[in-house]
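To start, the structure under review is shown below, and the notes come after it.
No value in this document is a laboratory result; all are computed from the given coordinates. Computed from a predicted structure; not experimentally measured. Cβ sites come from the backbone with ideal geometry, for glycine too, and all protein chains shown count toward neighbours.
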C-alpha cells in the first residue's frame, strides 16, 4: 500500500500554535486549534484517508487510521531524521530539506497516540552524528515544540537520543568532551555469514571504514566472518517502527529516504562500514582513482589521527590539522570518502541494518519471521538535492508519502526524484533479499494512490517527476535526462 500526496504550494507552519491543526477534525482529541493555516497537518491526514485506512470510520470520532498497524499496548518508535542541528551559515530551507520537521512529527504522533492508547509506549528520535547537540536539533527542527505541546496536555512523549558515543567539538574540530554512555542500552547483533558483506570478505583485502571514527574499532566489528552491529535497545524492544525520513539525495548510496534511515537505529556508528579503504585497484571503494596519490595520503593520515584518543591535547590538535587538510583535499578531489556510485559497501550496511531491525528479537537473535512492523512516512515538503545528506540544497516539493513497504516506497522516491531506481543498488538489491526478505509478495502489482487517483507502477510513468540534481559522485550514473521514466519492464527485479 502506498499513498502519495504532492502539492508544491504547501509550506511548514510556524510553531506559534504547537503545529496544531487549523480545523477541529472529528477524531482530534485536544482543545488546541491553530488560529493560523496549517496545511501540513491537513495533508498528513489526507494521506491516511486516501490510503483507505480505517475507511468505515473516516469522518467520525472513532477514526483510527493507524489501528491496523499499531495495536493498543504495543510499543512504537517513531524514527526521525535528526542528523544534526542547523549550521550557522545554513539557509533555513536547506536545513528543512535534511531534517524531519516538527509539524510532520506532531501530526503523525497524534495518530500514533490514538492507536497505541498510552504515551508511555511511544518514543521518537534517532542516533544523530557524533557531534550533534541533541537539545539544539530538537529546537531547530521544532521537535521541542511538539514535546512542549504534549507536556502542556499532561502527556509525556519522550524524545530519545539513541547514541552510545557522543563528542563535542569546536568548529575546527578541537575536542571539547567525549561521552561514553551505558553499554547496556545497546544490543549486539552478530550476522556473521548472513551479512551482505560475506561476498566482499572473499576478496584478498577488505578494510571496512567509516570517516571520523577509529578504524581499529570498525575492524573489531567487521572482518572475515564477523559482522556485528550494535542497535539501541529502544528499537529492538519496539513492536512497530514508524520511520519519518526526508526526501533527499545521498552521496554514498544515491538517495536517503526510508531504507537509509535505519542508520539512525544504531548505538555505535563505528560499527557501520561506509566504504572500504582505498581504490578498486586495491579492493577498496573509497574513491574511483587517485592519479597523484593525494587521496591515499589523506586516508593514511586519517587512519593515524583517528587512532589517537580524542580527549587528549595531542589528539585534539591532530584532528584540527586533519580537518583543515581534508577540507582542502575535498576541494581538489570531491569524490572521496566513498561518495560515489561505485561504493559497494554502504548499501550492504544499510540492508544488514534493515533486516536486523525487521527480524532481530529484543535480545538480538535473528528470527525467520519479522519481529516488528515497519511503516514509513516521507517528509518531502522540502526535498534535498545535490550533496546530500549533510549539504543538501532545498527543493520545494510538497511531497508526502505513506507506505507499509519501505522498499517500494524508496523505489517510488527515487523515481520521483528523476532517477532510475534500478541504477541504485540500495533499492535494486533490496528486491533480491530472499533469506530475510524486506518485501512482501505481490508488490509489483500493488496499487498506488497519487493525489486521490489510483495508479499502477506502470501508470506512474505518466506523472511528471522532479529533476533532482544528483550528488557529484553519482552524476555519471544517474543521468537525469535518461532516468526520467521507469524502465518498460515494470516487474524487473521485483519478486512476487
Between residue 291 and residue 24, 0.36 nm times their residue separation minus their Cα-Cα distance comes to what? 89.8 nm
Give me the number: length gained by fully extending residue 462 to residue 237, i.e. 0.36 nm times residue separation minus the C-alpha to C-alpha distance, one decimal in nm. 76.8 nm
Suppose R0 equals 22 Å; then what is the FRET efficiency for residue 182 and residue 158 from their Cβ-Cβ distance, rounded to the nearest 0.05? 0.85
Provide the FRET efficiency to the nearest 0.05 for the residue 120-residue 361 pair, computing r from the beta carbons and using R0 = 35 Å. 0.95
Gyration tensor on Cα atoms of the range 333-455, a ≥ b ≥ c root eigenvalues, a/c under 1.5 rounded, else prolate if a/b beats b/c, else oblate, says oblate
So, relative contact order of the range 23-101 in percent, Cα under 8 Å, 6 or more apart, is 23 percent
With each label point set 7 Å from Cα along the Cα-Cβ vector, what nm distance links residue 60 and residue 131? 5.5 nm
Among 30-36, 385-391, the order from most to least packed when residues are scored by Cβ within 10 Å on average: 385-391, 30-36
Please work out the FRET efficiency for the pair residue 312 and residue 283, using the Cβ-Cβ distance as r and a Förster radius of 35 Å; give the result to the nearest 0.05. 0.60
Any chance you could check the Cα centroid distance between the range 9-77 and the range 456-473 for me, in angstrom? 28 Å
So, with points 7 Å from each Cα along the Cβ direction, the residue 429-residue 224 label distance in nm works out to 2.1 nm
Would you mind checking the range 279-312 for residues with the amide N under 17 Å from a putative spin-label position 7 Å along Cα→C-beta of residue 332? 279, 287-303
Would the range 326-385 count as rounded, prolate or oblate if I go by the C-alpha gyration tensor, calling it rounded below 1.5 in a/c and otherwise prolate when a/b exceeds b/c, oblate otherwise? oblate
Of 402, 69, how do they rank once you tally other Cβ atoms within 10 Å and put the fewest first? 69, 402
Count the DSSP beta bridges whose two residues both fall in the chain, then state the antiparallel fraction as a percent rounded to the nearest 5. 65 percent
Would you work out if the range 52-119 is rounded, prolate or oblate? Take a ≥ b ≥ c from the square roots of the eigenvalues of the alpha-carbon gyration tensor; rounded if a/c is under 1.5, else prolate when a/b is larger than b/c, oblate otherwise. prolate
Whole-number percent relative contact order across the range 318-395, with pairs defined as alpha carbons under 8 Å at least 6 apart: 13 percent
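Ignoring everything except DSSP H segments at least 4 long, calculate the 222 nm mean residue ellipticity for the chain; use -39,500 (n - 2.57) per segment, divide by total residues, nearest 500.
Values: 14 runs with 131 residues, N = 496.
Estimated from H runs of four or more residues: -7500 deg cm²/dmol.
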Expressed as an acute angle from 0 to 90° and rounded to the nearest 10, what is the orientation of the C-alpha long axis of helix 143-152 relative to the principal long axis of the chain? 40 degrees
If I model a spin label as a point 7 Å beyond the Cα along the Cα-Cβ vector, how far apart are those points for residue 203 and residue 139 in nm? 4.4 nm
Specify the angular offset, from 0 to 90 degrees and rounded to the nearest 10, of the alpha carbon long axis of helix 406-416 from the longest principal axis of the alpha carbons in the chain. 90 degrees
Determine the gain in length on full extension of the stretch residue 11-residue 88; use 0.36 nm per residue of separation and subtract their C-alpha separation, reporting nm with one decimal. 25.5 nm
